[in-house]
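Since the structure comes first, as C-alpha cells, the remarks are kept for the end.
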Amino acid sequence: QVQLVESGGGLVQPGGSLRLSCAASGIIFNIYAMGWYRQFPGKQRELVAAISSGGSTDYTDSVKGRFTISRDNAKNTVYLQINSLNAEDTAIYYCNAKLSTSWGATVQEYWGQGTQVTVSS
C-alpha cells in the first residue's frame with residue numbers, strides 16, 4: 001500500500017511564505033513524476049507544478065517566479081516552496097505521484113489527502 005502524506009499548510013498573511021512537503025511511503029519501486037495540484041472551492045483540481053525523476057520542472061503560469069518545486073529522491077519526498085502568497089492562492093493543495101510498486105508493474109497515480117493553504121490578513 002502506498003501513502004502520500006502532506007504537511008506544511010496553514011494560515012499565512014499576504015506576502016508570506018510556506019513550504020509544503022509530501023512524503024511517499026509503502027512498497028515503492030520507482031517514482032516517476034511528482035507534482036502539486038490545488039483545488040479552489042467549487043472548481044476542479046488544477047496542476048500547479050510538476051517535477052520529473054530527473055528534476056525537470058513545469059509550472060502553471062500564475063505561479064511562475066513565486067513557487068518552486070523540488071524533490072529528494074532518497075526520501076521519496078516532494079516539496080513546494082510558496083513565496084509572495086496572495087489571497088488567490090487560498091486553496092487545498094494536493095500532492096500527486098506517478099509510481100510503480102515493482103519491476104515491470106504498471107505506473108499508477110497516487111494522491112495525498114490535501115493540505116489547506118489560507119492567505120488572509
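The values are calculated or read from the model by the stated rules, or taken from the named source; none is laboratory data. Source: prediction; values computed, not measured. No Cβ is skipped: glycine too gets one built from the backbone with ideal geometry, and neighbour counts run over all protein chains shown. For the accessible areas, the whole protein counts, side chains as well, though only heavy atoms, and no ligand, DNA or RNA atoms are used. Shrake-Rupley method; radii C 1.70, N 1.55, O 1.52, S 1.80 Å.
On full extension of the chain, what length is gained from Thr57 through Thr101, given 0.36 nm per residue of separation minus the C-alpha to C-alpha distance? Could you put the intermediate results ahead of the total?
Details: separation 44, 0.36 × 44 = 15.84 nm, distance 2.34 nm.
Extending this stretch completely gives an extra 13.5 nm.
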- Message: With a 1.4 Å probe and all protein chains kept in place, how much accessible area does Ile27 have, in Å² rounded to the nearest 10?
- Response: 110 Å²
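Pick out, in residue order, every one of the trypsin sites (Lys or Arg not before Pro) in segment 42-121 that is DSSP loop and has at most 14 other C-beta atoms within 10 Å; say none if there are none. Can you show the working numbers first?
Details: sites: Lys43, Arg45, Lys64, Arg66, Arg71, Lys75, Lys98; in loops: Lys43, Arg45, Lys64, Arg66.
Passing sites in segment 42-121 are Lys43, Lys64.
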- Query: Averaged per residue, what accessible surface does the chain expose to a 1.4 Å probe, in Å²?
  - Reply: 53 Å²
- Please list Glu46, Glu6, Glu88, Glu109 in order of solvent-accessible area, largest first, computed with a 1.4 Å probe with all protein chains present. Glu88, Glu109, Glu46, Glu6
